[in-house]
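The values are calculated or read from the model by the stated rules, or taken from the named source; none is laboratory data. From a predicted model like this one, the values you see are computed outputs, not experimental measurements. Here Cβ is always computed from backbone atoms with ideal geometry, including for glycine, and neighbour counts include all displayed protein chains. Areas reflect the complete protein model, heavy atoms only, side chains present, ligands, DNA and RNA absent. Shrake-Rupley method; radii C 1.70, N 1.55, O 1.52, S 1.80 Å.
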Amino acid sequence: MSGHLVVDYITTKSTVSVSWGVLNNDEFQILKKHIDDKCESNGFYSLVFTEPQNKNETKMTAYTEELNYYPYFMSDGSVIWRDVSIEFSEV
(Lines give C-alpha, C1' and ligand atoms only; values in the text may rest on other atoms or scores of the structure.)
Protein backbone atom coordinates (compact mmCIF):
# COMPACT_ATOMS: atom_id res chain seq x y z
CA MET A 1 0.00 0.00 0.00
CA SER A 2 1.56 3.20 -1.21
CA GLY A 3 -0.96 5.52 0.47
CA HIS A 4 -2.11 7.00 -2.86
CA LEU A 5 -5.82 7.55 -3.32
CA VAL A 6 -7.26 6.64 -6.71
CA VAL A 7 -10.70 7.99 -7.65
CA ASP A 8 -12.65 7.23 -10.80
CA TYR A 9 -14.71 10.19 -12.00
CA ILE A 10 -17.97 8.92 -13.48
CA THR A 11 -20.31 11.86 -14.10
CA THR A 12 -21.82 15.09 -12.81
CA LYS A 13 -25.57 15.33 -12.21
CA SER A 14 -27.51 18.59 -12.27
CA THR A 15 -30.33 19.66 -9.97
CA VAL A 16 -32.98 22.28 -10.69
CA SER A 17 -34.77 23.78 -7.69
CA VAL A 18 -37.96 25.79 -8.23
CA SER A 19 -39.85 27.64 -5.49
CA TRP A 20 -42.70 30.07 -4.95
CA GLY A 21 -43.32 32.11 -1.81
CA VAL A 22 -47.11 32.16 -2.07
CA LEU A 23 -49.60 30.65 -4.54
CA ASN A 24 -53.36 31.01 -4.45
CA ASN A 25 -55.40 27.82 -4.65
CA ASP A 26 -56.05 28.08 -8.41
CA GLU A 27 -52.34 28.59 -9.17
CA PHE A 28 -51.38 25.69 -6.89
CA GLN A 29 -53.89 23.32 -8.53
CA ILE A 30 -52.62 24.28 -12.00
CA LEU A 31 -49.03 23.63 -10.90
CA LYS A 32 -49.90 20.29 -9.30
CA LYS A 33 -51.85 19.16 -12.38
CA HIS A 34 -49.06 20.29 -14.69
CA ILE A 35 -46.48 18.31 -12.70
CA ASP A 36 -48.71 15.20 -12.58
CA ASP A 37 -49.62 15.39 -16.29
CA LYS A 38 -46.09 16.05 -17.57
CA CYS A 39 -44.64 12.96 -15.93
CA GLU A 40 -43.88 10.44 -18.67
CA SER A 41 -44.91 6.81 -18.34
CA ASN A 42 -41.46 5.89 -17.02
CA GLY A 43 -41.70 8.38 -14.14
CA PHE A 44 -39.26 10.94 -15.57
CA TYR A 45 -39.74 14.54 -16.67
CA SER A 46 -38.33 16.24 -19.75
CA LEU A 47 -37.25 19.71 -18.64
CA VAL A 48 -36.18 22.68 -20.72
CA PHE A 49 -34.79 25.63 -18.77
CA THR A 50 -32.45 28.61 -19.09
CA GLU A 51 -29.25 28.40 -17.09
CA PRO A 52 -28.84 31.54 -14.95
CA GLN A 53 -25.04 31.70 -15.32
CA ASN A 54 -24.75 31.80 -19.11
CA LYS A 55 -28.38 32.15 -20.33
CA ASN A 56 -28.12 28.96 -22.43
CA GLU A 57 -31.19 26.81 -22.95
CA THR A 58 -30.65 23.36 -21.46
CA LYS A 59 -32.64 20.14 -21.79
CA MET A 60 -32.51 17.34 -19.25
CA THR A 61 -34.37 14.23 -18.21
CA ALA A 62 -35.08 14.32 -14.49
CA TYR A 63 -37.01 12.84 -11.63
CA THR A 64 -38.47 14.43 -8.53
CA GLU A 65 -39.19 13.13 -5.07
CA GLU A 66 -42.14 15.33 -4.12
CA LEU A 67 -43.77 18.73 -4.23
CA ASN A 68 -43.27 20.52 -0.88
CA TYR A 69 -45.82 23.06 0.39
CA TYR A 70 -47.58 24.43 3.45
CA PRO A 71 -51.30 25.23 3.35
CA TYR A 72 -52.38 28.46 5.03
CA PHE A 73 -56.10 28.70 5.76
CA MET A 74 -57.65 32.16 5.52
CA SER A 75 -60.49 33.38 7.73
CA ASP A 76 -62.88 33.40 4.75
CA GLY A 77 -62.32 29.65 4.26
CA SER A 78 -60.01 29.94 1.29
CA VAL A 79 -56.55 28.43 1.18
CA ILE A 80 -53.23 29.81 0.02
CA TRP A 81 -50.12 27.71 -0.36
CA ARG A 82 -46.85 28.96 1.13
CA ASP A 83 -43.25 27.97 0.51
CA VAL A 84 -44.08 25.78 -2.49
CA SER A 85 -40.97 24.06 -3.85
CA ILE A 86 -39.90 21.18 -6.03
CA GLU A 87 -36.48 19.83 -6.91
CA PHE A 88 -35.68 18.00 -10.13
CA SER A 89 -32.57 15.80 -10.28
CA GLU A 90 -30.97 14.70 -13.52
CA VAL A 91 -31.16 11.02 -14.38
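Beyond 19 Å, what share of the Cα-Cα pairs of the chain remains, rounded to the nearest whole percent?
On the way: 2266 of 4095 pairs.
Tail fraction, whole percent: 55.
Please name whichever of VAL16, GLY3, MET74 sits farthest to the positive end of the charge dipole of the chain, dipole taken about the Cα centre and charges placed at Cβ: Lys and Arg +1, Asp and Glu -1.
Ranked along the dipole, the leading option is GLY3.
In the structure shown, do any of LYS32/LYS55; LYS33/LYS55; LYS33/LYS59 have a Cα-Cα gap over 23 Å, and if so which? Intermediate results must be reported in sequence, preceding the final value.
Numbers: LYS32/LYS55 27 Å; LYS33/LYS55 28 Å; LYS33/LYS59 21 Å.
Over 23 Å apart, Cα to Cα: LYS32/LYS55; LYS33/LYS55.
Let me check I've understood the local charge: for VAL22, count other residues with C-beta under 14 angstrom from its C-beta, Lys and Arg +1, Asp and Glu -1. What total comes out? Please list the in-between numbers first.
Working: positive: ARG82; negative: ASP26, GLU27, ASP83.
Combined, the nearby Lys, Arg, Asp and Glu give -2.
Give me a comma-separated list of calculated 3J(HN,Hα) values for the range 4-20, in order, Karplus coefficients 6.51, -1.76, 1.60 applied at θ = phi - 60°, integers in Hz, x for any Gly or Pro.
8, 8, 10, 10, 9, 7, 9, 6, 10, 9, 9, 10, 10, 10, 10, 8, 10
With every protein chain kept in place and ligands, DNA and RNA left out, what is the accessible area per residue of the chain? Probe 1.4 Å, answer in Å². Walk me through the numbers on the way to the answer.
Numbers: 7370 Å² over 91 residues.
That works out to 81 Å² per residue.
Tabulate in residue order the Karplus-calculated ³J(HN,Hα) for the range 57-64, using 6.51 cos²θ - 1.76 cosθ + 1.60 with θ = phi - 60°, rounded to whole Hz; enter x for Gly and Pro.
Here the 3J(HN,Hα) series is 7, 10, 10, 8, 9, 9, 10, 9 Hz.
Could you size up the charge dipole of the chain around its Cα centre, putting +1 on the beta carbon of Lys and Arg and -1 on that of Asp and Glu, and report it in debye to the nearest 20? Could the numbers behind the result be given before it?
On the way: 7 positive and 14 negative charges, 32 e Å.
The dipole magnitude comes to about 160 debye.
With a cap of 12 neighbouring Cβ atoms within 10 Å, and only residues DSSP puts in a loop, list the trypsin sites (Lys or Arg not before Pro) found in the range 53-86. Before the final figure, lay out the partial values.
Values: sites: LYS55, LYS59, ARG82; in loops: LYS55.
For trypsin sites (Lys or Arg not before Pro) across the range 53-86 that sit outside H, G, I, E and B with at most 12 neighbouring Cβ atoms in 10 Å, the list reads LYS55.
Can you give me the long-range amide H partners of SER14? Hydrogens built in the peptide plane at 1.01 Å from N, cutoff under 5 Å, separation of 5 or more residues or another chain.
Counting only residues 5 or more places away or on other chains, the set is GLU90.
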